[in-house]
Amino acid sequence: MRTVALHWVQDAEAAALLQRYIANTKSAAGGGQKGMKEKNRLRLAQFHHPGVLGELYDLPAKVLADVEAQAKRKGKITYRMAVRVQRALQLAILSFAPIRAENLANLRLGENFIDHGKGKTRQLRIDIPWHEVKNEQPYRMPLSSTVLPLFDAWMNKYRPVVSSVPSVYLFPNSGGMLRSKVAMSRALSDFLKREAGLIMHMHFFRHLAASVVIRAHPNGYEIARQLLGHTSLRTTLKAYAELQTDPAFKRFEEAVLQVMATQPGRGPRGKGRGR
């Protein structure tokens, strides 16, 4: 029909409309691009080096300790110190809850960022209602207790330096209003490059989270789906099935080595026996 519209009827507008229908049909049927973009594959490669992922997850606590030491030496908290703690807390949140940039910027104290309980039962939770989420699915997740020291330091000492105006936002701008998601994302990318030498944007934390889950749990696509807030498992599989490639080859290697170890003349570790 598109070919007839374009070449026989010569109606470019109708042909364009039919092309959109074709694209939508392919998308609904699971067509279109599968997997991650090449640039994201390359960024994931940063974390193939042993220890890099651990350094990323340790970075928030290290930044807080460094800032606290600086503040003690200088006897004051500077704006730059406060901003570093802000970035560290944002990184800590994204490490455990890979939400989108607009949702991170829009976190509101007591509404969708909740601090409840006391002592050992105290917990931070993210509870974003459906109408604030891209795919209209509510996003609810408890945060690790490791985020608490950063949150307390930010709220009690560093947030007032960034914004002295009362605000409902966890990360307000200097006037206490909603911070730009674009500026926040760019600033966090600069922070990661400066502090850890990593090339990452905020949305990449979603790819990284899926990679961590699937490498730890090869069949953990449902875990990844819930973590990312996808509406269907098919969406998760379409985007991240390729993450199974390395574990698949590793399991195949182990199977081959196991067969080799059972051959006559080989010891339990695959070494030839003396004759």
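Things to note:
- For the stretch 137-176: rounded, prolate or oblate by the Cα gyration tensor [a/c cutoff 1.5]: oblate
- As a ratio to 2.2 N^0.38 Å, the alpha-carbon radius of gyration for the stretch 84-138 is 1.19.
- Mean-position separation - Cα centroids, the stretch 181-195 and the stretch 43-85, in angstrom: 13
- Ordering of 224-230, 174-180, 91-97 by packing [mean C-beta count within 10 Å, highest first]: 91-97, 224-230, 174-180
- Area projected by the alpha carbon convex hull of the stretch 29-176, averaged over all directions, nm²: 12.0
- Extension gain for E13-R251 works out to 80.4 nm (0.36 nm per residue, less the C-alpha to C-alpha distance).
- FRET efficiency for the pair K72 and N219, taken as 1/(1 + (r/R0)^6) with r the Cβ-Cβ distance and R0 = 41 Å, rounds to 0.30.
- Rg [Å, one decimal], Dmax [Å, integer] - the chain, C-alpha atoms: 24.4, 84
- Relative compactness, the stretch 125-210, computed as alpha-carbon Rg over 2.2 N^0.38 Å: 1.23
- Residues N156 and V259, FRET efficiency given R0 of 45 Å [Cβ-Cβ distance, rounded to 0.05]: 0.15
- Over 17 Å [Cα-Cα, the stretch 48-118], rounded percent: 56
- Protein accessible area in the stretch 144-195, 1.4 Å probe - carbon and sulfur %: 56
The values are calculated or read from the model by the stated rules, or taken from the named source; none is laboratory data. Computed from a predicted structure; not experimentally measured. No Cβ is skipped: glycine too gets one built from the backbone with ideal geometry, and neighbour counts run over all protein chains shown. Each accessible area value is taken on the protein alone, full model and side chains, heavy atoms only, with ligands, DNA and RNA left out. Shrake-Rupley method; radii C 1.70, N 1.55, O 1.52, S 1.80 Å.
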